[in-house]
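Have a look at the structure below, then the notes.
The values are calculated or read from the model by the stated rules, or taken from the named source; none is laboratory data. The structure displayed is predicted, hence computed values, not measured ones. So basically every Cβ, Gly included, is an ideal-geometry build from the backbone, and we count neighbours across all protein chains shown. For the accessible areas, the whole protein counts, side chains as well, though only heavy atoms, and no ligand, DNA or RNA atoms are used. Shrake-Rupley method; radii C 1.70, N 1.55, O 1.52, S 1.80 Å.
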Amino acid sequence: MTVKTRFAPSPTGYLHVGGARTALYSWLYAKNQGGEFVLRIEDTDLERSTQEAVDAILEGMAWMGLEWDEGPYYQTKRFDRYNEVVDQLLAEDKAYKCYASKELLDEIRGEQEANKETPRYDANHPKIKAVNEAAKDGDPCVIRFRNPKEGTVVFDDQIRGRIEISNEQLDDLIIRRTDGSPTYNFCVVVDDWDMGITHVVRGEDHINNTVRQINIYEALGAPIPTFAHCAMILGDDGAKLSKRHGAVSVMQYRDEGYLPNALNNYLVRLGWSHGDQEIFSREEMINLFSLDAISKSASAFNTDKLLWLNNHYIKTSDPEYVAEHLQWHLDEQGINKDNGPAITEVIKLVGERCNTLVELAQQSRYFYEDFDAFDPAAAKKHLRGVAKGPLDLALSKVEALSDWTTENLHNVIKEVCEELEIGMGKIGMPLRVAVTGGGQSPSVDAVMQLVGKERVIARIKMALEFIAEREANAQ
Ligand code: GLU
């Protein structure tokens, strides 16, 4: 049997982290099993579904690298097929027309509540029976599935174990509305059957749907997939994860400077584990993933851990991969990477200091752009009269350098210290402020090497002018 999984979002909003984790788990399971992954857009709720949400979901999936083998299928394009199956169920008397109006159903519900009974649809209720017997073909009606009256529905959830529910608790589900549109629980079954889905991974909020759907599979004589229902994701305060907790849309994580590999690694661990391992490459995730190692209990989202993972991925990933994702942030921040050193070199130098690509872009700026002012606090502290001599000497030495290497620049600093008998900080810090504009950067020799000779010379001159002006103003 070839394993086939699917992700079946309803396009009523962006791809949120809960959905993304479900998609990731489904995808991973398919890959782990050498199977296939299907993307299906469940857009039957015409009022709430939007093209914008479809685009956001596709964009989110692509950004996370969860490529699908089939689809995207759209439920709205499959209405003929759903109707065909409804007709088949009608012909086999496994479904029936019900003409009871909404008003009548409300009235019966009111009576049941007044009698302290559980409100539920009952085809044998005398008022419903009377309406159905009196109805003529062509009168507006819904189609209901004839749910078994006795016995139980049992399934072996891959995460939660055996789940059993009595059929007495399930009423005859509407499978086609009065306006002719098929309903969600019915479409899902027809789709999963037609698409050959063997494993359904979805949120635990669907367990109630699963038992209803199993009865429909049985009525159709369709194979019943294996189910795995994932627990919820909570915010770090223990409440269900929502916008209030910050970013919940996958693309917002892109905007905030996360690498997709970091988010994937974070999400796979959010409810799944393999010993106490925290870092998983894509290949490792695929090789090690299994449904039974998914946790039954809810997981709490922890932004600090995500940041830690993101820093790990920024500093250990192939710089080309980081560069590919950094580009969006360079564009956002208006930084043109053609105006300076290879971006991969900057990533190698600055990356480990950054938790996000937003920071990495910010800290890349001085390699590509000149600035017209120094950071005031850093300049106040380090561009003072005492720095003039060391900067002058450093300037003449860098001007004379013919071989612009980090090692030679390191020696320039060392020589300045030796010749002027000063500590490293007395030249290192003023140079850093001069060359980067601020007081924080990686090792200044390596920074100067990447910034390039011409820019370094111009910036040291600018720092010397700043000091001269400052001294003039002080007199
Ligand atoms: N469309 C459903 C949702 O977005 C998922 C249905 C399913 O996975 O079976 O919640």
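Could you run through the stretch 303-353 and say how many residues are in contact with a Cys (Cβ under 9 Å, 6 or more places away or on another chain) and surrounded by fewer than 21 Cβ atoms within 10 Å (Cβ to Cβ)?
2
Does D179 meet the test of being closer than 24 Å to L24 by Cβ, more than 16 Å from the ligand (Cβ to nearest atom) and either open to solvent by 70 Å² or more (accessible area, probe 1.4 Å) or in contact with a Pro (Cβ under 6 Å, 6 or more places away or on another chain) (or both)?
no
Can you give me the ranges of the helices (runs of 4 or more DSSP H) entirely in the stretch 266-343 with at least 3 residues that are closer than 30 Å to H199 by Cβ?
282-288, 303-316
Given the structure, is D172 in contact with a strand residue (DSSP E or B) (Cβ under 6 Å, 6 or more places away or on another chain), on the phi < 0 side of the Ramachandran plot and within 16 Å of the ligand (Cβ to nearest atom)?
The answer is no for D172.
Return the residues of the stretch 1-59 that are among the polar types (S, T, N, Q), within 14 Å of the ligand (Cβ to nearest atom) and in a helix (DSSP H, G or I); say none if nothing qualifies.
T22, S26
What residue, among those in the stretch 287-301 that are touching a Gly at 6+ places or on another chain (Cβ under 6 Å) and of a type in the set (A, V, I, L, M, F, W, C), is modelled with the lowest pLDDT?
Within the stretch 287-301, the match that is modelled with the lowest pLDDT is F301.
In the stretch 29-51, what count of residues is obtained for those that are open to solvent by 40 Å² or more (accessible area, probe 1.4 Å) and either at positive phi or not β-branched (V, I, T) (or both)?
Residues meeting the conditions: 10.
Being within 13 Å of the ligand (Cβ to nearest atom), open to solvent by less than 30 Å² (accessible area, probe 1.4 Å) and either of a type in the set (S, T, N, Q) or part of a helix (DSSP H, G or I) (or both) is the requirement here; does D205 meet it?
No.
Could you list, ordered by first residue, the pairs with Cβ atoms under 9 Å in which the first is in the stretch 178-195 and of a type in the set (G, A, S) and the second is not in a helix (DSSP H, G or I), at least 6 apart or interchain?
Listed pairs, sorted by first residue: S181/T44; S181/L46.
Among the residues of the stretch 182-196, which ones are open to solvent by 10 Å² or more (accessible area, probe 1.4 Å) and of a type in the set (V, I, T)?
T183 - this is the single residue of the stretch 182-196 that is open to solvent by 10 Å² or more (accessible area, probe 1.4 Å) and of a type in the set (V, I, T).
Restricted to the stretch 122-142, and to residues that are under 50 Å from the mean Cα position of the chain (by Cα) and of a type in the set (G, A, S), which residue is farthest from I108 (Cα to Cα)?
Checked the stretch 122-142; the qualifying residue farthest from I108 (Cα to Cα) is G138.
Pick out, from the stretch 83-198, the strands (runs of 3 or more DSSP E) lying fully within it that include 2 or more residues that are closer than 20 Å to N215 by Cβ and β-branched (V, I, T).
Those strands (runs of 3 or more DSSP E) span 142-145, 152-157, 161-166, 174-176.
Within the stretch 159-169, which residues are touching a strand residue (DSSP E or B) at 6+ places or on another chain (Cβ under 9 Å), surrounded by fewer than 19 Cβ atoms within 10 Å (Cβ to Cβ) and not charged (D, E, K, R)?
Listed by number, the residues that qualify are I163, I165, S166, N167.
Looking for something within 30 Å of W272 (Cα to Cα) and open to solvent by 60 Å² or more (accessible area, probe 1.4 Å) - is there at least one such residue anywhere in the stretch 131-154?
Yes.
Mind listing whichever residues of the stretch 364-384 are part of a helix (DSSP H, G or I), open to solvent by 60 Å² or more (accessible area, probe 1.4 Å) and under 18 Å from I335 (Cβ atoms)?
R365
Can you report the number of residues in the stretch 52-91 which are open to solvent by 70 Å² or more (accessible area, probe 1.4 Å), under 24 Å from R176 (Cα atoms) and either of a type in the set (K, R) or without any contact (Cβ under 8 Å) to a residue 40 or more places away in the chain (or both)?
Qualifying residue count, the stretch 52-91: 5.
Out of the stretch 274-308, which residues are more than 26 Å from F227 (Cα to Cα), of a type in the set (A, V, I, L, M) and within 16 Å of the chain's Cα centre (by Cα)?
Hits for the stretch 274-308 are L306, L307.
Here is a list: D139, D157. Which entry is of a type in the set (D, E) and under 30 Å from A231 (Cα atoms)? Outline the logic, then answer.
Numbers: D139 fails: under 30 Å from A231 (Cα atoms).
Every option except D157 fails the conditions.
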